[in-house]
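> Here's a structure for you.
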Protein chains: 2
Amino acid sequence: MNDKVLLRYGDGGKHTNLLIRNIFYKHFHNDMLVNYHDASVFDLDHGRLAFTTDSFVVKPLVFPGGDIGKLAVCGTINDLVTAGAKPLYLSCGFIIEEGFDIKLIEKIAESMGEMCRKTGVKIITGDTKVVEKGAVDGVFINTSGIGVVQAGYQPKTIQEGDQIIITGGIAEHGTTIAVERFKIKVEGNIKSDCSPLNHIIERIQPKLESIRLMKDPTRGGLATALNEIVEMSGKGIRLLEKAIPISSEVKSINELLGLDPLYHACEGRLIIIVEKQNAEEVLDEIRRCEGCEDATIIGGFDLIGVHPRVVMETYIGGRRIVSPLEADMLPRIC
Amino acid sequence: MNDKVLLRYGDGGKHTNLLIRNIFYKHFHNDMLVNYHDASVFDLDHGRLAFTTDSFVVKPLVFPGGDIGKLAVCGTINDLVTAGAKPLYLSCGFIIEEGFDIKLIEKIAESMGEMCRKTGVKIITGDTKVVEKGAVDGVFINTSGIGVVQAGYQPKTIQEGDQIIITGGIAEHGTTIAVERFKIKVEGNIKSDCSPLNHIIERIQPKLESIRLMKDPTRGGLATALNEIVEMSGKGIRLLEKAIPISSEVKSINELLGLDPLYHACEGRLIIIVEKQNAEEVLDEIRRCEGCEDATIIGGFDLIGVHPRVVMETYIGGRRIVSPLEADMLPRIC
């Protein structure tokens, strides 16, 4: 095999098989990924499934805390988690630019394999296309996923008083990508929060009845996700600025860049809307999950009788309406 | 909404929602495609599922007989059919270049919606990314699909004597794309065979027990698909050139271009390997399917005791080894 991806590696025949066998099968190895089949087949005992898809176009391809491969596996796993599902199977579609470095493809595939092993999720079907130089910027990946919705979980109508949990510090992924993109030098240790959240669903399984809704604040960040929940539920949110977990690095970098961390993507955080009476108990469970030590209640649906909005009580005691994303923040964040 | 796709239409927030609501929801409309959810949830009675994915990068985006949208829906449906499954649900991931014509996005979405209505398949989850000008050539689409494997179907070991059915004329898609790409003027009415094959699986349902294997000869064409079957089964194929259905247009255009139609992609044909004693009966059923009037038995696993290969008996009575695709035919065929 050449050290660059040749156009013929996308021929669908024996050259594509070189790439698939030498790289993808090696790293994605599992009992269900079988040669020659255009579709994978599996049995399921359970009846309720979740299905999701995401294309990943992040730039740069490798960043502190992850790469496009890790992001592609985690992003789709996390979308399944928001549906209350235990992620089981992924598909993986690569679109690669002619001349792309084979070693980097391998590194990306290795990241994907590592996340699969960590989470117990299997890539069971895939597709590889190679396009001529200039037709795609490096490599784009689509992952689609199937999971089994866990017993007890069903999105419910949001009630006044419901509490909002965020499972960790916000804006770390978006800020990391911004730092890389603008090539600014920063002190400290900023890295993407990109990580799989499937363990959370296992941990809070006994409490799923008290969960109204889950959402991952990716593109558009916490502000956009909360606004979508407000629009959908017709109920306003009171957000407490001082409760929102945000690292001092993230804060100072965004001050420098003139960007608002509320609109920066997270790639390893979950917003969980929970009944008031069970909120503390759910929070305790979540804090025991790896990477969720900073989980906090950041507000609630406490704005009775007003036009439904996200209103933030600021550090200095003022009130600010947090609107949905208006301007472009940063394209190709994920 | 602008008449060009703006970068902000990929923000994941309210601008993306404009695109989703005004175009995608309008054309993909069904009871399961719901606002705001990152994953779709559905119940299934049956236990055995097929899962597949394909990215589509075809150039040009619109061609005689179809466009990238039709291709994306049919391609994934057909991959599910090869697994003996009734296709049920699709995901749809768009990656769009900034500045792309909104009307063309709508035309593509309309084609996808039309194919969904024709086949009863639903797009239930999706994702839209917009990348800056030059980062992708127009629009690429990923579709992943889920289907229920039909009772009675399971790929079986190929036996000597098994017959090979092709469900219609070969090389029509690949030849159409070649004509468009090389901008050659041709007489006649060449168009892509791009079409969904789900009705075949319904038609031959009672005969599924006698089917060994199904495969769609897409990238790499009939020659590559048959070689893969030979490699997998370890059994040689005797192919009858005079039995292979091929239109006179396809034949003459490929003579002109110096290309071999055996390596051109089909996008609406199925190779079906069937037990000898049931081959004629299965063929009769297939010929009654829309678009399969030219289905034929093109050969069989009749090469006992020789090194497993695809050997074609030519028009003039000679024998020619049909090898897997060696050189690049045409990139971005699908």
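The values are calculated or read from the model by the stated rules, or taken from the named source; none is laboratory data. Because the structure is a prediction, the values reported are computed rather than measured. When we count neighbours, we look across all protein chains shown, and the Cβ atoms used for this are built from the backbone with ideal geometry, even at glycine. Ligands, DNA and RNA are excluded from the accessible area calculation, which covers all protein heavy atoms including side chains. Shrake-Rupley method; radii C 1.70, N 1.55, O 1.52, S 1.80 Å.
> Does the stretch A:20-44 hold any residues that are within 25 Å of B:Cys74 (Cβ to Cβ), modelled with pLDDT of 80 or more and open to solvent by 60 Å² or more (accessible area, probe 1.4 Å), and which are they?
Those that are within 25 Å of B:Cys74 (Cβ to Cβ), modelled with pLDDT of 80 or more and open to solvent by 60 Å² or more (accessible area, probe 1.4 Å): none in the stretch A:20-44.
> Can we say B:Asp137 is without any contact (Cβ under 8 Å) to a residue 40 or more places away in the chain, open to solvent by 20 Å² or more (accessible area, probe 1.4 Å), more than 15 Å from A:Ile146 (Cβ to Cβ) and at the interface with chain A (Cβ under 10 Å from one of its Cβ atoms)?
Spelling it out, it is not the case that B:Asp137 is without any contact (Cβ under 8 Å) to a residue 40 or more places away in the chain, open to solvent by 20 Å² or more (accessible area, probe 1.4 Å), more than 15 Å from A:Ile146 (Cβ to Cβ) and at the interface with chain A (Cβ under 10 Å from one of its Cβ atoms).
> Answer yes or no: is there a residue in the stretch A:47-59 that is part of a loop (DSSP other than H, G, I, E, B), at positive phi and either touching a Leu at 6+ places or on another chain (Cβ under 6 Å) or surrounded by 18 or more Cβ atoms within 10 Å (Cβ to Cβ) (or both).
no
> Follow-up question, since we're still on this one. Residue check, A:Cys194 against (1) buried (at least 22 other Cβ atoms within 10 Å of the Cβ); (2) outside the structural domain of A:Leu71 (by the TED database); (3) within 17 Å of B:Gly12 (Cβ to Cβ); (4) out of contact with any Lys or Arg (no Cβ under 9 Å at 6 or more places or on another chain), all met but one. Which one?
All conditions pass for A:Cys194, except number (4).
> In the stretch A:98-110, what residues are open to solvent by 20 Å² or more (accessible area, probe 1.4 Å) and either closer than 22 Å to A:Gly145 by Cβ or touching a strand residue (DSSP E or B) at 6+ places or on another chain (Cβ under 9 Å) (or both)?
Matches in the stretch A:98-110: A:Glu98, A:Gly99, A:Phe100, A:Asp101, A:Leu104, A:Lys107, A:Glu110.
> For the list (1) surrounded by fewer than 22 Cβ atoms within 10 Å (Cβ to Cβ); (2) modelled with pLDDT under 90; (3) under 28 Å from the mean Cα position of the chain (by Cα), I need the number of the one condition that B:Asn17 fails.
Of (1) surrounded by fewer than 22 Cβ atoms within 10 Å (Cβ to Cβ); (2) modelled with pLDDT under 90; (3) under 28 Å from the mean Cα position of the chain (by Cα), only one is false for B:Asn17: (3).
> With the requirement that a residue be open to solvent by less than 50 Å² (accessible area, probe 1.4 Å), of a type outside the set (Val, Ile, Thr) and out of contact with any Pro (no Cβ under 7 Å at 6 or more places or on another chain), what does the stretch A:241-256 give you?
A:Glu241, A:Ala243, A:Pro245, A:Ser247
> Just to be sure before I move on: is A:Glu241 closer than 15 Å to A:Ile164 by Cβ, of a type in the set (Asp, Glu) and at pLDDT 95 or above in the structure I sent?
Judged against the criteria, A:Glu241 is a match.
> Check A:Ile95, A:Ile141, A:Ile146 and return the single one that is in a strand (DSSP E or B), touching a Lys or Arg at 6+ places or on another chain (Cβ under 8 Å) and either closer than 21 Å to B:Thr53 by Cβ or among the charged types (D, E, K, R) (or both).
Just a single option satisfies the conditions, and that option is A:Ile95.
> Residue check: is B:Pro217 touching a Cys at 6+ places or on another chain (Cβ under 6 Å) and either of a type in the set (Val, Ile, Thr) or not assigned by the TED database to the domain that holds B:Thr76 (or both)?
Spelling it out, B:Pro217 is indeed touching a Cys at 6+ places or on another chain (Cβ under 6 Å) and either of a type in the set (Val, Ile, Thr) or not assigned by the TED database to the domain that holds B:Thr76 (or both).
> Report, by residue number, each residue of the stretch A:199-227 that is within 13 Å of chain B (Cβ to nearest Cβ), open to solvent by 10 Å² or more (accessible area, probe 1.4 Å) and farther than 25 Å from A:Glu160 by Cβ.
A:Thr218, A:Arg219
> In contact with a Pro (Cβ under 8 Å, 6 or more places away or on another chain), more than 7 Å from chain A (Cβ to nearest Cβ) and either among the polar types (S, T, N, Q) or touching a residue at least 60 places away in the same chain (Cβ under 8 Å) (or both): does that describe B:Val58?
no
> Need at least 2 residues that are surrounded by 13 or more Cβ atoms within 10 Å (Cβ to Cβ) and touching a Leu at 6+ places or on another chain (Cβ under 7 Å) per element, so show me which strands (runs of 3 or more DSSP E) inside the stretch B:290-334 make the cut, counting only ones lying wholly within it.
B:296-303, B:310-313
> While we're looking at this one, here's another question. Hey, among the residues in the stretch A:140-151 that are within 7 Å of chain B (Cβ to nearest Cβ) and of a type in the set (A, V, I, L, M), which one's most open to solvent (accessible area, probe 1.4 Å)?
A:Val149
> A further question follows. Residue pairs, Cβ under 8 Å, 6 or more apart or interchain, first in the stretch B:87-103 and at positive phi, second of a type in the set (Val, Ile, Thr). List them.
Final answer for the pair search is B:Gly99/B:Val5.
> Okay, moving on. Read through the list (1) under 25 Å from A:Lys185 (Cβ atoms); (2) touching a Pro at 6+ places or on another chain (Cβ under 9 Å); (3) within 14 Å of another protein chain (Cβ to nearest Cβ), then give the number of the only condition that A:Glu267 fails.
(2)
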